[in-house]
1. Criterion first (small (Gly, Ala, Ser), surrounded by fewer than 16 Cβ atoms within 10 Å (Cβ to Cβ) and within 24 Å of GLU258 (Cα to Cα)) does SER353 satisfy it?
2. Considering only segment 172-202, state which residues are among the small types (Gly, Ala, Ser) and over 17 Å from GLY126 (Cα atoms).
3. With of a type outside the set (A, V, I, L, M, F, W, C) and either in contact with a His (Cβ under 9 Å, 6 or more places away or on another chain) or within 19 Å of ALA33 (Cβ to Cβ) (or both) as the only criterion, which of THR63, THR54 stands out?
4. Mind checking which residues of segment 229-245 are over 21 Å from THR262 (Cα atoms), open to solvent by 10 Å² or more (accessible area, probe 1.4 Å) and assigned to a helix (DSSP H, G or I)?
5. Evaluate segment 31-40: report whether one residue or more is hydrophobic (A, V, I, L, M, F, W, C) and closer than 30 Å to ILE179 by Cβ.
6. List the residue pairs whose Cβ atoms are under 9 Å apart, where the first residue sits in segment 17-43 and is within 13 Å of TRP56 (Cα to Cα), the second is loosely packed, with under 15 Cβ neighbours inside 10 Å and aromatic (Phe, Trp, Tyr), and the two are 6 or more positions apart or on different chains.
7. Among the residues of segment 311-323 satisfying the criterion of being open to solvent by 20 Å² or more (accessible area, probe 1.4 Å) and over 37 Å from the mean Cα position of the chain (by Cα), which is farthest from LYS363 (Cα to Cα)?
8. Pairs only if they're at least six apart or on different chains, beta carbon under 6 angstrom, first in segment 123-136 and part of a loop (DSSP other than H, G, I, E, B), second among the small types (Gly, Ala, Ser) and open to solvent by 40 Å² or more (accessible area, probe 1.4 Å); list them, first residue then second.
Amino acid sequence: MSKSNDKKFKHFRRRFRLALKNPLTYLILLMLAVIVLATWIVNETETQTDSGITGWFDSIWHTIVAIVAAYYDYYVKSVPGRLASIVLLLLGMALSSIVTASATSVIMNIQMKKNKGLKKIKKMKGHFLLCGWRPGFEKILESVLNSNADIDVDSIVLVNNAPTEEMEKLKSDIKYADIKYINGDFSDTEILKKAYIDTAERALVIADSSKKCSEMETDSQTVLAVLSIKNLNPKVYIAAELLDEKFEEHIRLAHCDEVILTQNYQHSLLATASSGMGYSNVIKNLISDDSDSGVIVEDIPKKYEGKTYGALFAEVEAGKIFGNSILIGVVSSGKTSKYEPMLTPGDDLVLNSATKAILVKAKAAV
């Protein structure tokens, strides 16, 4: 016997032993035995009457109709035949209840696993991973969708250890009914594999607060998650949030493409607001979650590769490219980041295939 067949046989034997230990197995066997006995009684007694049952075919048909449809296709006349028919009718009702209850249980179990992030998701490719959770997570998710017109709800996979009630509340919203969810530690390679990180296109790791941890522990988990993700898929684009800038060097070494230092942004925003010049309002409009306005980054058409920044600026200013936008700089591969910004560079800067345009675009008039 081959190893494959031997493994299948052992699996079958194990399942058979478990079935023998289940009381429901014996109940089903008893019911089958009663059905066979009742069918035999009907056949033996009703073939001697004018009920219309003339042999085993009619007797078996009578049994099937009594159990499945809960009515009699033949008018049984003998006392034993009638008693047997009543038993068949009651067994049919019992079997119907068992099947209905089992089906309901299976469906509820599948839905519960799905809501709790325990159900295996189908193979995905080119999807977006959102790792981590914190209060206000729904707003983060909504902003991600608003800022990325190319991302659909069904192409997002959430990976976190969020409280069950929070994820059930999120999944109950019709907008997020098709979103995929994996429950577990997003820095764990096995959990990431369940989310098909090897075929993902982008990932966003937010500072997780599903557990009571210090800022250092939270940032350590973020760095470990980035290391794990890049190890499993070096091509995936990762943006990660840090609470403390002390870990910035470590996460850069892990080849994180974008690092968001939340606290630094908060402090800077408060400081600019204190000047009384309205900076905070300007920044709010520039970084709005509207993917079509504010500061946006666009690919430069191939025909501009090898040309200078000055030539591109003249084309944008003339309205020949990017519509009603203002060019303020470019992003290109740098020493610390895949996309390093250069604001208002020199006109002689040569553009290449990795260069993208930084634009300011106003909201379309309603």
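The values are calculated or read from the model by the stated rules, or taken from the named source; none is laboratory data. Here the structure is a predicted model, which is why all the values come from computation and not from measurement. Cβ placement follows ideal geometry from the backbone for every residue including glycine, while neighbour counts extend to all protein chains displayed. Accessible surface areas use protein heavy atoms only, side chains included; no ligands, DNA or RNA. Shrake-Rupley method; radii C 1.70, N 1.55, O 1.52, S 1.80 Å.
1. yes
2. Filtering segment 172-202 for residues among the small types (Gly, Ala, Ser) gives 172, 177, 184, 187, 195, 200.
Within segment 172-202, SER172, ALA177, GLY184, SER187 qualify.
3. Numbers: THR54 fails: either in contact with a His (Cβ under 9 Å, 6 or more places away or on another chain) or within 19 Å of ALA33 (Cβ to Cβ) (or both).
Within the list THR63, THR54, the selection yields THR63.
4. Initially, segment 229-245 is screened for residues over 21 Å from THR262 (Cα atoms), giving 229-236.
Then keep just the ones that are open to solvent by 10 Å² or more (accessible area, probe 1.4 Å); that gives 230-235.
Answer for segment 229-245, where residues must be over 21 Å from THR262 (Cα atoms), open to solvent by 10 Å² or more (accessible area, probe 1.4 Å) and assigned to a helix (DSSP H, G or I): LYS230, ASN231, LEU232.
5. Our first condition is that a residue be hydrophobic (A, V, I, L, M, F, W, C); within segment 31-40, this holds for 31-38, 40.
Imposing the further condition that a residue be closer than 30 Å to ILE179 by Cβ reduces the set to none.
Scanning segment 31-40 turns up no residue that is hydrophobic (A, V, I, L, M, F, W, C) and closer than 30 Å to ILE179 by Cβ.
6. THR39/TRP56; ASN43/TRP56
7. Here is the first cut: in segment 311-323, the residues open to solvent by 20 Å² or more (accessible area, probe 1.4 Å) are 311, 313-315, 317-320, 322-323.
Still in the running and over 37 Å from the mean Cα position of the chain (by Cα): 311, 313-315, 317-320.
Details: ALA311: 26, PHE313: 21, ALA314: 22, GLU315: 21, GLU317: 18, ALA318: 19, GLY319: 16, LYS320: 19 Å.
For segment 311-323, the residue satisfying everything is ALA311.
8. From segment 123-136, the pairs are ARG134/SER209.
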